Protein chains: 2
Amino acid sequence: MNAPSTQIFSNTDLPAVRQAIRQGRWTSHTSGVAQDRVQGNVVILPECEANDFLRFCQRNPKPCPLLAVSEPGETMLPTLGQDIDICTDVPMYRIWRDGELLEERAEITDLWRDDLVTFVIGCSFSFEQALIEAGLRLRHVDQGKNVAMYRSNMPTLAAGPFHGPTVVSMRPLKAAEAIRAVQVTSRFPRVHGAPIHLGDPSLIGIHDLSKPDYGDAVEVLPDEIPVFWACGVTPQAAIRQARPPLCITHAPGAMLITDLFNSQLASF
Amino acid sequence: MNAPSTQIFSNTDLPAVRQAIRQGRWTSHTSGVAQDRVQGNVVILPECEANDFLRFCQRNPKPCPLLAVSEPGETMLPTLGQDIDICTDVPMYRIWRDGELLEERAEITDLWRDDLVTFVIGCSFSFEQALIEAGLRLRHVDQGKNVAMYRSNMPTLAAGPFHGPTVVSMRPLKAAEAIRAVQVTSRFPRVHGAPIHLGDPSLIGIHDLSKPDYGDAVEVLPDEIPVFWACGVTPQAAIRQARPPLCITHAPGAMLITDLFNSQLASF
């Protein structure tokens, strides 16, 4: 799911970006797209399962920091932007039935129901802008790739049927950069905050960095340390366990872009 | 230089601690002694060399964060405490002539001169209290040892004759603790602040952690990462290079204890 070499819109023009996504002209990942805006992971569930899932997010704030929860049946997300329609404004959706991934598609208007509740969960793309502005290079951004994500052996705290491993995103950094990255991302608790691990991947159950469970692999150089952040794809692993009759998510990396600026989320 | 098993004063009674040091009854390291108070590294130089050394500290704020600089010839340090006499209140002094370590002794009253200037430099013991209060265990504290210190291959920025390697202190921590330690120590820029390296010691020129250049070795367990902070012993390495006719320092780990509380140094 690499970005096409020619952008079909001005990267900084939010209305143009949203229109391109809404009209199905942008169906790829959104790393580096409208990068001063808050992007979010999306989980849509029927009201019954939504109540369990809300408790799951409350108990697991590092992978599942909630930016917004919609009213049941409501397709607009007014706290995140003036004109966000959850049925059309995610570049690529995943449709899950009974915990199985059924299909990916670019809009979900015909699937909408009055009992569906939308959850928008903070995304590491928000702190990536702050890392880049702090002078760090992120290899997956430089290479136009999606970030590498892995299922770790760190369990989430269960709520109702939702449980499973914490999914982590990984960025290779030199030691001094990793220290700076802890400082920078600590300011953003609503988008996963500080890393949850660094160094030896096997200590968190990851045995081959070249084979991510989601996203694209990037090289880790000999003088670099892999640094791991809790990831908003964690709910997708929990959905596999919970097997709700219907669930709709974003495709990993293809996020909902909101009107909010990343700088609005900084805690100090 | 391990602490004796029986303390000769109440650890929290600052006047008693200072009297014990002043009277030569405490000549050991001060790790864990009066641990809510700011402790400082000490460098005393003739006025001529002091001017160069002041620029050295300004250029190397991570290893040499200045807490106080005395007037020439003045033995009291009023900005650090009501009754601090630099001639008697360091547990153990080192006397350097022409860059060579000549002797260690418990007071320097007979060496004092009207042209001597005292520098007090922040010490990692200040942030160790904050780390312990954050729930971290520090092995050297648990074992009653002095912290392990190493000459790295990271050069300082020279000023006049002062130059040399950055000396670092090392504490082994699990990854999640190392991340927490970056957060906690970032709040204390006047006492070295965040670590300057973590992980592979050879990347900063340290090839055997079991052989520290100063202080005591501690074990690094397989699931731990060595975490390195810039250290206030760095000036002692620079003094070896600069070879001033006279220089007086503290012995590594045997610090000047001030009246200030560590919590007064927290930046937010």
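The values are calculated or read from the model by the stated rules, or taken from the named source; none is laboratory data. Only a predicted model underlies this, so the values are computations on that prediction, with no experimental measurement involved. Quick reminder, even Gly has a Cβ in these numbers, built from the backbone with ideal geometry, and neighbours come from all protein chains shown.
General observations
- Scanning region A:108-130 for residues that are surrounded by 21 or more Cβ atoms within 10 Å (Cβ to Cβ) and more than 17 Å from the chain's Cα centre (by Cα) returns A:116, A:117.
- Filter pass, residue B:101 being under 20 Å from the mean Cα position of the chain (by Cα), of a type outside the set (Phe, Trp, Tyr) and farther than 24 Å from residue B:19 by Cβ: yes
- Scanning region A:226-235 for residues that are within 14 Å of chain B (Cβ to nearest Cβ) and either buried (at least 24 other Cβ atoms within 10 Å of the Cβ) or out of contact with any Gly (no Cβ under 8 Å at 6 or more places or on another chain) (or both) yields A:227, A:228, A:229, A:230.
- All positions within region B:200-225 that are within 19 Å of the chain's Cα centre (by Cα), surrounded by 19 or more Cβ atoms within 10 Å (Cβ to Cβ) and modelled with pLDDT of 95 or more: B:212, B:218
- Looking only at residues in region B:140-178 that are hydrophobic (A, V, I, L, M, F, W, C), more than 25 Å from residue B:239 (Cα to Cα) and touching a residue at least 40 places away in the same chain (Cβ under 8 Å), the one that is surrounded by the fewest Cβ atoms within 10 Å (Cβ to Cβ) is B:141.
- In region B:218-243, residue nearest to residue B:150 (Cα to Cα) [restricted to those that are of a type in the set (Gly, Ala, Ser) and out of contact with any Asp or Glu (no Cβ under 9 Å at 6 or more places or on another chain)]: B:230
- Unmet criterion (only one of (1) over 30 Å from residue A:200 (Cβ atoms); (2) over 13 Å from the mean Cα position of the chain (by Cα); (3) of a type outside the set (A, V, I, L, M, F, W, C)) for residue B:190: (2)
- Residues of region A:155-171 satisfying the condition of being under 29 Å from residue B:196 (Cα atoms), touching a helix residue (DSSP H, G or I) at 6+ places or on another chain (Cβ under 6 Å) and not β-branched (Val, Ile, Thr): none
- Matching residues, region B:15-39, being surrounded by fewer than 18 Cβ atoms within 10 Å (Cβ to Cβ) and among the hydrophobic types (A, V, I, L, M, F, W, C): B:16
- Residue in region B:244-259 that is more than 27 Å from residue B:38 (Cα to Cα) and either surrounded by fewer than 24 Cβ atoms within 10 Å (Cβ to Cβ) or in the same structural domain as residue B:52 (by TED's automatic domain parsing) (or both) present: yes
- Restricting attention to region B:179-216, the residues that are at the interface with chain A (Cβ under 7 Å from one of its Cβ atoms) and either within 22 Å of residue B:135 (Cβ to Cβ) or free of Cβ contacts under 8 Å to residues at least 40 places away in the same chain (or both) add up to 9.
- Flag if residue A:150 is modelled with pLDDT of 95 or more, closer than 29 Å to residue A:86 by Cα and aromatic (Phe, Trp, Tyr): yes
- Set A:175, A:159: member being touching a Leu at 6+ places or on another chain (Cβ under 9 Å), more than 14 Å from chain B (Cβ to nearest Cβ) and not basic (Lys, Arg): A:159
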